[in-house]
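> Got a structure here, written out as structure tokens. Questions coming.
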Amino acid sequence: MPPEFFIVKKPQWITLLAGLVITGALFLFGRTVPEKKPVSPVAHSADDGHNHSPGIQAFSVDTMLMVARKRLSAQQVSRINLLENSITRGDLKDQQLHVFHQLARFWGDSARIFEPYAWYTAEAARLENSEKSLTFAAQLFLDNLQSEETDAVRQWKALQAKDLFERSLKINPGNDSAQVGLGACYLFGGISEMPMEGIQKIRKVVEKDSTNIYAQMTLVRGLLISGQYEKAINRLQTVNKLNPAYPDALLLLAEVYDQTGDKQNATLNYEKCLQLELAPEVKKAIQERITLLKK
């Protein structure tokens with residue numbers, strides 16, 4: 001499992017609490033797509049040879065690593081130098097794979113910096129070329145990019161995830177979760193001028209299997225980004241019919257009603273959330289919101 005602090009989300013006030021106990025808690029009504037910030041152009045490609053898309057401002061892995069190294073102690077710099085030098089000396093695949101894993105653990109456990117941790121995890125996955133490792137690394141980038149506020153960095157992360165999902169799908173074209181993840185890269189990563197390209201990939205999964213909750217919820221988030229709240233509500237209701245005890249969908253449905261001013265339905269669905277197994281602090285927040293809505 002990745003270090004918990006890497007899974008960054010921007011939820012609403014209750015979903016923020018629920019995110020501590022509910023896997024994959026969603027965010028909405030904040031800036032799901034962050035404001036653009038100026039980024040100084042750099043000389044390298046957005047992904048150092050891994051699936052660069054024209055027209056996207058470049059982000060350099062070298063620059064990312066250089067900036068990350070500045071946050072290290074002298075002892076940590078010595079350690080990372082030894083590891084990085086062993087990559088260039090390593091001729092055997094197994095040796096390189098071992099060093100990539102060591103580097104990922106260093107950046108994740110010791111330095112606690114996401115980008116180099118994810119990068120070396122991805123490099124190890126590409127070298128190993130297994131469906132499991134590729135999908136894991138792709139999901140790391142996809143989960144993290146959705147809270148990234150800098151366009152070039154978010155796009156770079158999306159390109160990394162896209163490349164990894166595509167490699168995974170070459171191994172197993174029938175992996176619906178990877179197909180949904182690939183669509184989400186387009187939808188949330190800003191790597192295409194046509195977001196519908198991502199929607200279409202996800203819809204294909206839903207058309208094949210309408211009970212795929214991951215695909216349904218990803219479409220919900222796309223609808224919320226585009227302000228199509230009624231369609232989002234309809235799809236959330238479908239998910240709740242498929243799994244009435246699924247807390248993410250029920251809580252999100254309550255929040256959508258809440259944020260769109262439908263106090264009656266918001267209260268009704270918040271009350272349903274109280275019947276689920278949630279952390280005490282989450283239930284307390286929900287109860288407080290219900291009290292406010294009934295005033």
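The values are calculated or read from the model by the stated rules, or taken from the named source; none is laboratory data. Every value quoted in this text rests on a predicted model; they were computed, and no experiment measured them. Here Cβ is always computed from backbone atoms with ideal geometry, including for glycine, and neighbour counts include all displayed protein chains.
> Let me spell it out: the conditions are (1) outside any loop (DSSP other than H, G, I, E, B); (2) surrounded by fewer than 19 Cβ atoms within 10 Å (Cβ to Cβ); (3) among the polar types (S, T, N, Q), and S147 meets all of them except one. Which number is the exception?
(1)
> Here is a further query. Among the residues that make up the range 120-135, is at least one of them farther than 19 Å from Q96 by Cα, modelled with pLDDT of 95 or more and within 17 Å of the chain's Cα centre (by Cα)?
Within the range 120-135, one or more residues are farther than 19 Å from Q96 by Cα, modelled with pLDDT of 95 or more and within 17 Å of the chain's Cα centre (by Cα).
> Give the residues of the range 222-232 that are surrounded by fewer than 20 Cβ atoms within 10 Å (Cβ to Cβ) and either not assigned by TED's automatic domain parsing to the domain that holds K283 or not polar (S, T, N, Q) (or both), sorted by residue number.
Narrowing the range 222-232 to residues surrounded by fewer than 20 Cβ atoms within 10 Å (Cβ to Cβ): 225-231.
Once the filter is applied, which keeps residues that are surrounded by fewer than 20 Cβ atoms within 10 Å (Cβ to Cβ) and either not assigned by TED's automatic domain parsing to the domain that holds K283 or not polar (S, T, N, Q) (or both), the range 222-232 yields I225, G227, Y229, E230, K231.
> Sticking with this structure for a sec: Select, from A161, A104, A111, A118, the only residue that is under 20 Å from I80 (Cβ atoms), outside the structural domain of L224 (by TED's automatic domain parsing) and crowded, with 24+ Cβ neighbours inside 10 Å.
Values: A161 fails: under 20 Å from I80 (Cβ atoms); A104 fails: crowded, with 24+ Cβ neighbours inside 10 Å; A111 fails: crowded, with 24+ Cβ neighbours inside 10 Å.
Every option except A118 fails the conditions.
> Also, I was wondering about something else. I want to confirm something. Restricting to the range 196-215 and keeping residues that are in contact (Cβ under 8 Å) with a residue 24 or more places away in the chain and touching a Ser or Thr at 6+ places or on another chain (Cβ under 8 Å), which single residue is surrounded by the most Cβ atoms within 10 Å (Cβ to Cβ)? Talk me through it step by step, then tell me what you get.
Just the residues of the range 196-215 that are in contact (Cβ under 8 Å) with a residue 24 or more places away in the chain, to begin with: 198, 204-205, 208-215.
Narrowing further to those that are touching a Ser or Thr at 6+ places or on another chain (Cβ under 8 Å): 198, 210, 214.
Numbers: G198: 25, S210: 12, Y214: 15.
Among those that are in contact (Cβ under 8 Å) with a residue 24 or more places away in the chain and touching a Ser or Thr at 6+ places or on another chain (Cβ under 8 Å), it is G198.
> Can you pull out the helices (runs of 4 or more DSSP H) entirely within the range 203-295 that have at least 3 residues that are hydroxyl-bearing (S, T, Y)?
Working: elements: 213-225, 229-242, 247-259, 263-273, 280-293.
No helices (runs of 4 or more DSSP H) qualify here.
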